[in-house]
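Values quoted throughout were computed directly from the atomic coordinates according to the rules given, and no laboratory measurement underlies them. Here the structure is a predicted model, which is why all the values come from computation and not from measurement. Here the Cβ is made from the backbone with ideal geometry for all residues, glycine too, and neighbour counts use every protein chain on show.
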């Protein structure tokens, strides 16, 4: 029998699966939690050695031990991780600081403004396919160069999270095109290559990883990595990609019009398109294979908010009991949460408003409101933020043909239904909602010719459809949600000014 192994590093948890290539059956799976570090407001970090590589080693060893599979039977390994991230490493490949996370980290706001002024927003969008936002890695590298010149001087390469794991497995410095497109203004989407055409003031291009497609083999497991992980030396390892892309693969996103709705620490959306969709409200990248395109969107905080609410307002409940109890209380509150609206901008917001100064808020509170009303308002606020993204796709004549839901949040029936209701869209839920690590296992199989993309229909068939139940309350609250942000964003911006 032949197996593939997929590893994914998420914001709060890492997961791994060992899969039978012939059937897509999961032979073993493992997970390990870690924390997102927030050293100051607007910052978000991981410890690369402990959270990225450490979790990778722990999970692989657990999969091999629990399955009893001979490592020689694993035909390929693929990894994914949160991203895009920014991690400088020295000449020995060792991290020089914590990894700076994706768009939830807004530390480079000044650098974004300076690069827009220097280059011009229109020129950046034309060459890079993306506006500069908190998701962009280029401004974060510039932040490093300006604020920590001593670290920048030691930097041999700047990696993303997946690049770091691939390097530790293979010794190679590589990055996939999908991830590289988030390094604006350093990546030219037309030429599919790094560029200094817009600015030379960020980093020499030889300090960036080699570009590959996600289904290309980056290298083989080294003797050192084999000793740490238990894998067989010489096992092929793919280039890897961002977790959201692998998650999309896991539920069958593969043709134009397919959209993934990922319910995780953030909502992340990927739609495969026939041609590039270039709009400053969304993100663009080449898809995982040549000739295909992807249009992306993402909220800054989603599942993270449910964890925040549980930790702050349900402390008397155990972790096992908290979410079921909160869901029960929220279900007793009717749609509209008895007149409450929640703005989910607890760490600014990414698409479509790209406002790092946006603030979270519960609006409309009175003495009759309960914890259940507040939790329902929180879920509906996330759903309305998602509906705003779906509305943006419609405005661009790029509405999805089908939406495939995936991620841990799919276990939250209230969240799934609210997303369909406010967005006015049906959603498909597949049999397996393991997520990105399962998509990695398929990518690994494709990379060595052991499977085709279409095999996902057999590996992971659809089992449920969530139909929208849009009411007058949904229409009213969504309109008020949109107005509430517009009418308070100047106050939010003032709150961001240090006293």
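Modelled spin labels at residue 486 and residue 227, positioned 7 Å past Cα toward Cβ, are 6.3 nm from each other. For the chain, what does the relative contact order come out to in percent, with C-alpha contacts under 8 Å and a separation of six or more? Normalised by residue count, the contact order of the chain is 16 percent. A Stokes-Einstein calculation at 10 °C with viscosity 1.306 mPa s, built on the Kirkwood radius of the stretch 3-244 over Cα pairs, returns a diffusion coefficient of 87 µm²/s. With the simple model of a label 7 Å out from the Cα in the direction of the Cβ, residue 61 to residue 126 spans 5.4 nm.
Compared with the direct C-alpha span, the chain from residue 22 to residue 92 gains 21.3 nm at full extension, assuming 0.36 nm per residue.
Full extension of the chain between residue 2 and residue 72 gives 24.3 nm of extra length, using 0.36 nm per residue less the Cα-Cα distance. With contributions of -39500 (n - 2.57) from each DSSP H run of at least four residues, the per-residue ellipticity at 222 nm computed over the chain stands at -11000 deg cm²/dmol. Considering only alpha-carbon pairs that sit under 8 angstrom and 6 or more positions apart, the relative contact order computed for the stretch 3-244 is 21 percent.
Taking the number of Cβ atoms within 10 Å of each Cβ as an exposure proxy, the fewest-first ranking of 168, 483 is 483, 168. What fraction, in whole percent, of alpha-carbon pairs in the chain exceed 31 Å separation? That fraction is 41 percent.
Secondary structure note: in the chain, about 70% of the DSSP beta bridges are antiparallel.
Where in the stretch 36-74 does the label zone of residue 458 land, with the point 7 angstrom along Cα→C-beta and an amide N cut-off under 20 Å? 74, by backbone N distance to the label point.
Each distinct pair of alpha carbons in the stretch 30-109 adds a 1/r term; the inverse of their mean, the Kirkwood radius, is 14.6 Å.
Multiplying the residue separation of residue 150 and residue 396 by 0.36 nm and removing their Cα-Cα distance gives an extension gain of 84.1 nm. Using the Cβ-Cβ distance between residue 205 and residue 317 with R0 set to 45 Å, the FRET efficiency from 1/(1 + (r/R0)^6) comes to roughly 0.30. Measuring nothing but alpha carbons in the stretch 421-499 and taking Rh as the Kirkwood radius, the Rg to Rh ratio lands at 1.27.
Arrange 97, 342 by Cβ neighbour counts within 10 Å, fewest through most, would you? Kindly include the intermediate steps, with their values, before the conclusion.
On the way: 97 16, 342 27.
Lowest to highest Cβ neighbour count: 97, 342.
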